[in-house]
Amino acid sequence: MMLIDSHCHLNYKGLVEQQGEVLGRARESGVRGFLNISTRLREWPDIVGTAEREGDVWASIGIHPHEADAHADLGEAALLKAAAHPRVIGIGETGLDYYYDHSDRGVQQDLFRVHIAVARETGLPLIVHTRDAEEDTARIIEEEMGKGAFPALIHCFTASADFASKMLALGLSISLSGIVTFKNAKDLQAIAASLPEDRLLVETDAPFLAPVPHRGKTCEPAFVSDTCAFVATLRGTSTEALADVTGRNFFNLFRKASL
């Protein structure tokens with residue numbers, strides 16, 4: 001079974017204090033690989049360091065939209081330099097968050113385009129965060145695709161079916177988190193049931209968004225198996241089959257990754 005947690009934050013509080021144990025529990029539950037995501041510049045050394053120590057952990061480098069104001073001057077050069085590391089397989093997470101508006105929307109958009117340029121140049125997949133910003137996210141991705149294609153996925157998908165269709169048409173993949181298991185996520189569950197098999201990934205976004213039956217707990221990568229099982233039921237297949245499909249999709253997208 002090739003179950004991969006395609007998006008987790010192993011260096012965040014709640015996991016980093018017991019990182020070895022967290023990884024051990026995930027491996028025991030069948031998780032074969034982990035993409036450890038960065039959200040701000042000062043995290044990059046630790047994120048990459050974890051990937052250097054652990055053969056089944058890879059790293060991303062990027063700036064979360066919440067942190068855009070603090071990194072407004074970050075240019076392509078810093079991202080390109082960090083992306084050259086052999087354990088860095090993705091760019092992000094980046095994107096737009098208009099729900100909290102922790103950073104100026106214009107700055108978020110500008111920094112989003114910087115990340116896209118680096119994804120295009122390196123060929124490393126762009127990991128996109130979008131919340132309450134469907135229109136601008138779709139517009140920017142479409143505009144940038146017009147300048148030259150780049151690989152990308154929408155992580156922790158919670159948007160509309162229309163947005164999903166637009167992203168799929170542009171060649172993006174979609175990753176589902178534990179939110180899909182929540183009782184009030186009926187619209188998302190309908191989308192999850194109908195996504196093309198070759199564009200689907202699963203993730204935890206640990207330490208956030210623990211799936212049922214772990215609601216209220218610190219989320220761990222081990223819990224990706226619960227999300228995978230839930231989505232498999234939605235799609236009328238087995239957990240093992242969906243784990244293999246989503247694992248294959250992960251490696252097809254993140255081509256720099258290998259076990």
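With N counted as the residues of segment 88-190, its alpha-carbon radius of gyration over 2.2 N^0.38 Å works out to 1.04. Among Leu35, Leu41, sorting on how many other beta-carbon atoms sit within 10 Å of each Cβ, with the fewest leading, yields Leu41, Leu35.
Listed by chain and number, the aspartates and glutamates whose alpha-carbon sits under 18 Å from that of Lys81, ignoring those within fewer than 8 places in the same chain, are Glu43, Asp46, Glu52, Asp73, Glu93, Glu121. Hey, rough spin-label estimate for Ala193 and His66, points 7 angstrom out along Cα→Cβ, what's it come to in nanometres? Output for this residue pair reads 3.3 nm. Would you work out if segment 182-259 is rounded, prolate or oblate? Take a ≥ b ≥ c from the square roots of the eigenvalues of the alpha-carbon gyration tensor; rounded if a/c is under 1.5, else prolate when a/b is larger than b/c, oblate otherwise. Since a/c reaches 1.5 but b/c is at least a/b, the shape of segment 182-259 is classed as oblate.
Across segment 74-88, the residues whose backbone nitrogen lies under 19 Å from the label position 7 Å along the beta-carbon direction of Glu52 are 78-88. Scanning the chain for DSSP H helices at least 20 Å long along the axis (C-alpha atoms) with a Kyte-Doolittle mean no lower than 0.0 picks out 239-253. The equivalent ellipsoid that matches the C-alpha gyration tensor of segment 113-259 spans semi-axes of 25, 17, 15 angstrom, in descending order. Extent along the principal axes, Cα only, for segment 64-136: 34, 22, 17 Å, with the longest axis given first.
Hey, with R₀ at 25 Å, roughly what FRET efficiency would Lys183 and Ser238 work out to, going by the Cβ-Cβ distance, to 0.05? Computed FRET efficiency for Lys183 and Ser238 comes out at 0.60. Extension gain, Ala149-Asp162: 0.36 nm per intervening residue step, less the Cα-Cα distance, totals 2.6 nm.
Cβ-Cβ distance of Ala169 and Asp132, R₀ of 22 Å, FRET efficiency by 1/(1 + (r/R0)^6): the value works out to about 0.50.
For His7, the residues 5 or more places off, or on other chains, whose built amide H falls under 5 Å of its own are Leu35, Thr204, Asp205. The Cα-based radius of gyration of segment 1-86, divided by its Kirkwood radius, gives an Rg/Rh of 1.00.
Charged neighbours of Asp104, selected by a Cβ distance under 11 Å, balance to -2 (K, R count +1; D, E count -1).
A short reminder: the numbers here are calculations on the coordinates, not readings from a lab. Because the structure is predicted, anything quoted here is derived from the model rather than measured. So basically every Cβ, Gly included, is an ideal-geometry build from the backbone, and we count neighbours across all protein chains shown.
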